[in-house]
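Asker: Please read through the structure below; I'll follow up with questions.
The values are calculated or read from the model by the stated rules, or taken from the named source; none is laboratory data. Since the model is a prediction, treat every value here as computed from it, not as a measurement. Using ideal geometry, Cβ is built from the backbone for each residue, glycine included, and neighbour counts are taken over all protein chains shown.
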Amino acid sequence: MQEDVIKLTLGELDFDPDELKAKYLAERDKRLRDDGNEQYIEVQGDFSDYVDDPYEKKVAREPLNDTVEVVIIGGGFGGLLLGGRLREQGFTDIRVIEKGGDFGGTWYWNRYPGAMCDVESYCYLPMLEELDYIPKNKYSFAPEIMAHTQNIAKHYDLYNNACMSTEVTDLTWDEKEEYWIVSTNRGDRMRARYVAMANGPLNRPKLPGIPGIDSFKGHTFHTSRWDYDYTGGDASGGLEKLKDKKVGIIGTGATGVQCIPHLGEWSGELKVFQRTPSSVDVRNNRETDPEWAETLHSGWQYERMDNFNVLVSGGDQDQDLVQDGWTDIFRNLTGIAAKEASRKLGRRLTSAEKGKLMKMADYKKMNGVRDRVDEIIEDEVTAEALKPWYRQFCKRPCFHDEYLPTYNRPNVHLIDTQGKGVERVTEKGVVVDGVEHELDCLIFATGFEVGTSYTRRAGYDVTGKEGKKLSDKWEDGLKTLHGFTTNGFPNCFFLGFTQGAVTVNVPHALNEQAKHISHLLAEVRTRGEHTVEATPEGEQGWLDEVKRTSRFGERFRAECTPGYYNNEGKQANPNGFFTSGYGGGPIKFFRILEQWRENGTFDGVKIG
Ligand code: NDP
């Protein structure tokens, strides 16, 4: 019966699923390691240079010892959206505190050549209608995105009173006065009625714990702190100072895929040290058609965001407005495909049939990705090494049209480590399989810290009522109501990947969060009260819901090749990237929030 469903939907299979499954598991097993997440080095102490801000000089200022109504920590999309929505609710006394020298968040730090959003810009860049702005391309490049973040800040007057190049070092609740005391590395000691932590999910660069990593005598930096003084050029490329340099890069995730084409174009010689290849499909970026932009009517962006969100959550829509690699994957690998099969069959699919269909569709999709490698790469050995052997959502899918062709350049060499990773770093370069590769410059595209405790990644602890530390409360994982508030920490809010639903279009989720938090604060103000906090029952209810809904994902990720999605192959981690998320998907999650607001009963929180 399952075979009928598959034949009807996918046609005759031209591959052996058992063979593919065995290959996937063998490739995963090659990469499993006992140290899991512990393989990475925390960027501090001797390694702290890797996180210095290379873009802006700190401007001297006197420490602040004042009072504001709302402190927002983080000037990326989360902080900006919350600031904007609070302004719309009439909040005037807002201060954004940002580690970087300006607004932008991830787009402030990630200025590497080729950086761009990989969700369509008309959905990804928030508040386009509010700012009356249309992005220049279907996928925007980093400088345009950073400029947009700054325009949002100007539009909502968030530069006013903001503290840039400032890191929060401590948050402590003053129970008597009902204020937060916010301390920073600039000697500030501010009082804030409310604090919102919009720290970002991938905000701390990490380094691989490769033996000898600190012995390299050449030049080195992490992609999120690109050294243009050394390479020349800018985010659009033109790295002319690399022309006579031997450059090495470790890491072939979403970041590596975007910057390697520029390094390949400009370096005298480029060696890419690969542990696991990414899945790289067609990008097809293009300039915005001004005639299309003319046709857009009021409300167009939210309609488009909703349309995209439904499709990438496995739902059906009459029309696919975005029509890109993301919607293509989801159309083929989710409930939409199952719906199509059940229409053809004239009955509903059993869950076993559905599961099998998704698996076969995934194999088929990934065969297409691997065929693309063969079509583009001239050298057979290199082509084999660039083929990803895992299911599509085991790692972040990538889309790029220049990445694979880069390996056809005579100056570019793929050094495949067969899943083992780089063996050693020496004074002169990098050792793989006993061979030393001499380099002038070694670039780390090794991603960001994931899977460690929330407060460690934030860089400060939070002390709530009765001196309770957030790090202690969340030692075994997050505990919140809807991801926003936690009992014992009044007037403290969280944005980002706390316990809500994960979406492909992250700013969409942040906007829903910002709307929700500002609604809550407006209610507290309307009631003439000063505090709001999750009740223990509200928190427990949401925790149960999160646990109930997250089981499927865990089973799926257990068979995946290691990466930050599955806690480097070691599933049990209360702080894992997906461990604490609501598994019912963003559509259901946004509806839960909307209904909660409409209800007006404020279940699960205590106000006043
Ligand atoms: P990732 O964590 O995705 O990738 C890190 C890379 O470093 C992997 O290829 C990893 O290999 C490799 N690596 C780690 N240790 C070693 C080692 N010892 N030897 C060799 N290789 C090693 O980081 P990225 O910065 O690429 O991306 C992080 C996330 O940021 C993305 O998943 C995405 O969510 C986001 N992002 C989004 C972009 C966009 O929207 N345009 C662009 C860039 C990033 P292995 O796979 O084997 O672990």
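Asker: Is it true that N573 is on the phi < 0 side of the Ramachandran plot, part of a helix (DSSP H, G or I), within 16 Å of the ligand (Cβ to nearest atom) and not small (G, A, S)? So that I can check it myself, show each step before the final result.
Answerer: Values: on the phi < 0 side of the Ramachandran plot: yes; part of a helix (DSSP H, G or I): no; within 16 Å of the ligand (Cβ to nearest atom): yes; not small (G, A, S): yes.
No.
Asker: Next up: List every residue pair whose Cβ atoms sit under 6 Å apart, with the two residues 6 or more apart in sequence or on different chains, where the first one lies in the stretch 239-263 and is surrounded by 20 or more Cβ atoms within 10 Å (Cβ to Cβ) and the second, anywhere, is part of a strand (DSSP E or B) and polar (S, T, N, Q).
Answerer: So the pair list comes out as T252/Q274.
Asker: State all residues of the stretch 66-107 that are assigned to a helix (DSSP H, G or I), among the hydrophobic types (A, V, I, L, M, F, W, C) and more than 16 Å from the ligand (Cβ to nearest atom); if no residue qualifies, say none.
Answerer: Restricting attention to the stretch 66-107, the residues satisfying the condition of being assigned to a helix (DSSP H, G or I) are 77-88, 106-107.
Keeping just the survivors that are among the hydrophobic types (A, V, I, L, M, F, W, C) gives 77, 80-82, 86, 107.
Selection gives L80, L81, L82, L86.
Asker: Report, ordered by the first and then the second residue, all pairs with beta carbons closer than 9 Å, sequence separation of six or more or different chains, a first member in the stretch 545-567 that is in a loop (DSSP other than H, G, I, E, B), and a second member that is β-branched (V, I, T).
Answerer: As it stands, the answer is S550/T579; T561/T276; P562/T276; G563/T276, since those pairs meet every condition given.
Asker: Further question: Which count do you get for residues in the stretch 215-227 that are touching a strand residue (DSSP E or B) at 6+ places or on another chain (Cβ under 8 Å) and surrounded by fewer than 18 Cβ atoms within 10 Å (Cβ to Cβ)? Can you show your working first?
Answerer: Quick first cut of the stretch 215-227, residues touching a strand residue (DSSP E or B) at 6+ places or on another chain (Cβ under 8 Å) only: 215-216, 218-225, 227.
From what's left, surrounded by fewer than 18 Cβ atoms within 10 Å (Cβ to Cβ): 215, 218-219, 227.
Counting residues in the stretch 215-227 that are touching a strand residue (DSSP E or B) at 6+ places or on another chain (Cβ under 8 Å) and surrounded by fewer than 18 Cβ atoms within 10 Å (Cβ to Cβ) gives 4.
Asker: Looking at T561, is it surrounded by fewer than 23 Cβ atoms within 10 Å (Cβ to Cβ) and among the polar types (S, T, N, Q)?
Answerer: Numbers: surrounded by fewer than 23 Cβ atoms within 10 Å (Cβ to Cβ): no; among the polar types (S, T, N, Q): yes.
Spelling it out, it is not the case that T561 is surrounded by fewer than 23 Cβ atoms within 10 Å (Cβ to Cβ) and among the polar types (S, T, N, Q).
Asker: Within the stretch 435-465, can you find the residues that are part of a helix (DSSP H, G or I) and β-branched (V, I, T)? Spell out how you get there, then give the answer.
Answerer: To start, the set of residues in the stretch 435-465 that are part of a helix (DSSP H, G or I) comprises 454-458, 465.
Within the stretch 435-465, T455 is the sole residue that qualifies.
Asker: Residues of the stretch 192-243 being outside the structural domain of P490 (by TED's automatic domain parsing), over 29 Å from G451 (Cβ atoms) and of a type in the set (D, E, K, R), which ones?
Answerer: K217, D229, D234, E240, K241, K243
Asker: Tell me the residue from V462, V435 that is surrounded by fewer than 23 Cβ atoms within 10 Å (Cβ to Cβ) and β-branched (V, I, T), please.
Answerer: Working: V462 fails: surrounded by fewer than 23 Cβ atoms within 10 Å (Cβ to Cβ).
Among V462, V435, only V435 is surrounded by fewer than 23 Cβ atoms within 10 Å (Cβ to Cβ) and β-branched (V, I, T).
Asker: A further question on this structure: I'd like to know if the stretch 9-30 contains one or more residues that are buried (at least 18 other Cβ atoms within 10 Å of the Cβ), farther than 29 Å from V450 by Cβ and either basic (K, R) or in contact with a helix residue (DSSP H, G or I) (Cβ under 6 Å, 6 or more places away or on another chain) (or both).
Answerer: The answer is yes, given that some residue of the stretch 9-30 is buried (at least 18 other Cβ atoms within 10 Å of the Cβ), farther than 29 Å from V450 by Cβ and either basic (K, R) or in contact with a helix residue (DSSP H, G or I) (Cβ under 6 Å, 6 or more places away or on another chain) (or both).
Asker: Is it the case, given these coordinates, that D118 is part of a loop (DSSP other than H, G, I, E, B), away from the ligand (no atom under 16 Å from the Cβ) and closer than 27 Å to P54 by Cβ?
Answerer: Working: part of a loop (DSSP other than H, G, I, E, B): yes; away from the ligand (no atom under 16 Å from the Cβ): no; closer than 27 Å to P54 by Cβ: yes.
Against the criterion (part of a loop (DSSP other than H, G, I, E, B), away from the ligand (no atom under 16 Å from the Cβ) and closer than 27 Å to P54 by Cβ), D118 does not qualify.
Asker: Sort out which residues of the stretch 199-257 are more than 12 Å from the ligand (Cβ to nearest atom), part of a strand (DSSP E or B) and of a type in the set (K, R), and write them in order of number.
Answerer: Listed by number, the list holds a single entry, K246.
Asker: Shifting gears a bit: Sort through Q274, Q317 and tell me the only one that's within 15 Å of the ligand (Cβ to nearest atom) and either more than 30 Å from L207 (Cα to Cα) or polar (S, T, N, Q) (or both).
Answerer: Details: Q317 fails: within 15 Å of the ligand (Cβ to nearest atom).
Residue meeting the stated conditions: Q274.
Asker: Can you tell me which residues in the stretch 313-339 are closer than 21 Å to A509 by Cβ and at pLDDT 90 or above?
Answerer: D320, L321, V322, D324, G325, W326, T327
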